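Right, one structure below, let's go through it.
The values are calculated or read from the model by the stated rules, or taken from the named source; none is laboratory data. No experiment lies behind these values; they were computed from the predicted model shown. In this analysis, Cβ positions are derived from the backbone assuming ideal geometry, glycine residues included, and neighbour counts consider all displayed protein chains.
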Amino acid sequence: MAPKRQHSVATGEGLVAPPEKRQRGGDGNPEPDNPPSPGQRRLRQTVLVFLFLTNDNMTSASANGHNDERSMQETNQEGTSVEAEGFAATDGKGEKTKIQLRFLNEIKVPVYHEDDIKSENNTAIRIGIFKGDKMIRSGKLSKLKLEILALGGDFPYDSKRWTAKKFYKHRAHGRDGNGNVLVGEGITAQMINGECNLGNIRFREGSCRAPKKMFIVGARVCDGEAISVRVQEAVTKPVVVKDRRNKPYEKSYPPKLEDKVYRLENVANEGTYFKRLTEANIFTVKDFLLALNKDSANLANVLQITEKPKDWEKMVKHADCCLKGKHELKSYQFTEPNVVLFFNCVHRLAGAAFSGLYTPSEKFDPAQQTTFRCQFIQIQMLVHPTCVKSDREKLLRSTYNLSRYRALLKA
């Protein structure tokens, strides 16, 4: 059997043989250890110093790593732009965000399919981007590209909190299940300085099969826009989209003076009332009101409506709606001195000026009502368009704006 190798330990002074194994004495007690040599003590010191230095470096590296990570986080927080400040970047449970798209005007109703969508004042629909209540006018967020799409009427538009996933889930599709409900050049829009006007957009079908029989117009940031935050989508109020083929027969709210008379409540196109009115040369809403103010009993006889007072009341009330906001009046010099009567555009007595002080007709006192009652029918006959032109021109001497006339009287 080969003898065991003897290992030597390298020291600064050469090779030192390892200590021999201790031999047990006959009494079983170990012999006392031999004291370590100077070389062994130096080796132990070297190993301890090495281990200490290695552990210290590792601790420093770990601390520096944490410090670097914390420094990066602080730098990121300090460098946070308007895009991310106070913004919930996750798409979890509908976190409320500070960066939002908003429609700046409302859609004009009624809405018909294949007709361009306009705002209430007949201008283009506008969208802006906001942080809180302040519009973002500069930076990357102020020049995003947007997609305009239709949502079903059951989308919770008034909740103000939803996720992108929930928004997209309510996207409306055509009757065949494919394609967009909204079409036109305005279905994509480029924001400039934080806002944009939509081009021509229209619904390609009615909302009769949509959830709640309504559509909602929505706007979202286009996919592919390089932003680090989620911008909440914009939505309008739900609107009913009507079939354009029914447009010529729809009622007007409010009606216009020049509208055909079948636009009034209870007057159907080519219906019984419509035929009776046209036979009496009453073709428009203005003709209807002129006849009403001239002789309401005669108009009721033309319609043969005495047995249906509810139809008559609805018809007259609807026609009167078109006079709201119309302040232009016609003046007539009454027989008494210092009294000027004022009529509206359909020759209804609006009021009178007594010695320069205007009084609305509904505020006439009993004496004034008695004074005008005798000559009121005669005045209506004279100012009605069927009177002689020369006489009418003499009576309708000028046209006033009521607010301007009041200002002149106060001056």
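Here are the numbers for this structure:
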read-out	value
Verdict on ARG137 being modelled with pLDDT of 65 or more, part of a helix (DSSP H, G or I) and touching a Gly at 6+ places or on another chain (Cβ under 9 Å)	no
Selection count where residues are outside any loop (DSSP other than H, G, I, E, B), at pLDDT 70 or above and not charged (D, E, K, R), scope segment 342-386	17
Matching helices (runs of 4 or more DSSP H) fully within segment 282-326 where at least 1 residues are of a type in the set (Phe, Trp, Tyr) and surrounded by fewer than 20 Cβ atoms within 10 Å (Cβ to Cβ)	309-320
Residues satisfying the stated conditions in segment 264-287, i.e. in contact with an Asp or Glu (Cβ under 7 Å, 6 or more places away or on another chain), under 20 Å from LYS310 (Cβ atoms) and modelled with pLDDT of 90 or more	VAL285
Some residue of segment 105-123 being over 19 Å from ALA210 (Cβ atoms), in contact (Cβ under 8 Å) with a residue 12 or more places away in the chain, in contact with a Ser or Thr (Cβ under 8 Å, 6 or more places away or on another chain) and buried (at least 19 other Cβ atoms within 10 Å of the Cβ)	no
Filtered residues of segment 179-202 (kept if surrounded by fewer than 19 Cβ atoms within 10 Å (Cβ to Cβ) and either under 19 Å from ASP154 (Cα atoms) or outside the structural domain of GLY152 (by TED's automatic domain parsing) (or both))	ASN180
Residue in segment 387-404 that is at pLDDT 65 or above, assigned to a helix (DSSP H, G or I) and under 30 Å from TYR253 (Cα atoms) present	no
Residue check, ALA150 in contact with a Cys (Cβ under 6 Å, 6 or more places away or on another chain) and either crowded, with 20+ Cβ neighbours inside 10 Å or more than 14 Å from PHE215 (Cβ to Cβ) (or both)	no
Answer from GLU270, GLU258, GLU205, GLU265 - the residue that is part of a loop (DSSP other than H, G, I, E, B), surrounded by 13 or more Cβ atoms within 10 Å (Cβ to Cβ) and not assigned by TED's automatic domain parsing to the domain that holds ILE125	GLU265
Tally of residues being of a type in the set (Val, Ile, Thr) and outside any loop (DSSP other than H, G, I, E, B) across segment 236-255	2
Matching residues in segment 184-201 - criterion: being outside any loop (DSSP other than H, G, I, E, B), under 19 Å from the mean Cα position of the chain (by Cα) and not hydroxyl-bearing (Ser, Thr, Tyr)	GLY186, ILE187, ALA189, GLN190, ILE192, GLU195, CYS196, ASN197
So ALA172, is it under 18 Å from the mean Cα position of the chain (by Cα) and farther than 18 Å from ASN105 by Cα	yes
Test: residue in segment 210-233 that is surrounded by fewer than 16 Cβ atoms within 10 Å (Cβ to Cβ), over 30 Å from HIS347 (Cβ atoms) and of a type in the set (Ser, Thr, Tyr)	yes
